[in-house]
Amino acid sequence: TETELEAILPAWRELYRRADANFFSHPDIYMAWWKYLGSGSGWSLHIVVLYDGDRLVGIAPLAVTKRKGFRILQWAGIEALDYNDTVVESQEYQAPLWDAARGSTALILMSLRSPRICFSRPKNSLR
């Protein structure tokens, strides 16, 4: 909800300052998207957060929309922002953050694109 998003904004801003994140990952960009575009367009927030103790160390700004009866998880602001990405304090937090995102039982499909996410095939894999 918007209230929950506002509650994590201070910690997200602090994480953004510590992380090597792009401009489009700033929390105020997502807050503006939610207030002016997302909340009235059939989206629901699905912000995935990762804590190490009391410190926010990773965040994936995601949202859910419905298409043809399917709930689809996408980057929040995908239709308005150019470069969506996670914000992590260290790359060691990337895998646990995505594990948490994939672990959502409310979702059916994930449709995520990012210029910084690369998939590679092991050398000996079948083609």
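The label point for residue 3 and the one for residue 92, both projected 7 Å from the Cα toward the Cβ, are 3.6 nm apart.
The phi torsions of the range 20-29, fed into the Karplus equation with coefficients 6.51, -1.76 and 1.60 and a -60° offset, translate into couplings of 8, 10, 7, 3, 6, 9, 5, x, 5, 5 Hz, rounded to whole numbers, with Gly and Pro shown as x. Shape class of the range 30-104 from the Cα gyration tensor (axes a ≥ b ≥ c, square roots of the eigenvalues): prolate, since a/c reaches 1.5 or more and a/b is larger than b/c. Taking all protein chains together and rolling a 1.4 Å probe, residue 54 ends up with roughly 150 Å² accessible. In order along the range 8-16, the phi-based Karplus estimate (6.51 cos²θ - 1.76 cosθ + 1.60, θ = phi - 60°) of 3J(HN,Hα) comes to 8, 4, x, 5, 5, 4, 5, 4, 4 Hz; Gly and Pro are listed as x.
Taken along the Cα-to-beta-carbon direction at a fixed 7 Å, the label points for residue 68 and residue 102 span 2.5 nm. Packing around the peptides 25-36, 6-17, taken as the average count of other Cβ atoms within 10 Å per residue, puts them in this order, highest first: 25-36, 6-17. In plain terms, the chain from residue 52 to residue 37 could stretch by 2.2 nm, reckoned as 0.36 nm per residue minus the Cα-Cα distance.
The values are calculated or read from the model by the stated rules, or taken from the named source; none is laboratory data. Computed from a predicted model, the values in this text were never measured in an experiment. Note that each Cβ is placed from the backbone with ideal geometry, even for glycine, and that neighbours are counted across all protein chains shown. The accessibility values were calculated without ligands, DNA or RNA, using every heavy atom of the protein model including side chains. Shrake-Rupley method; radii C 1.70, N 1.55, O 1.52, S 1.80 Å.
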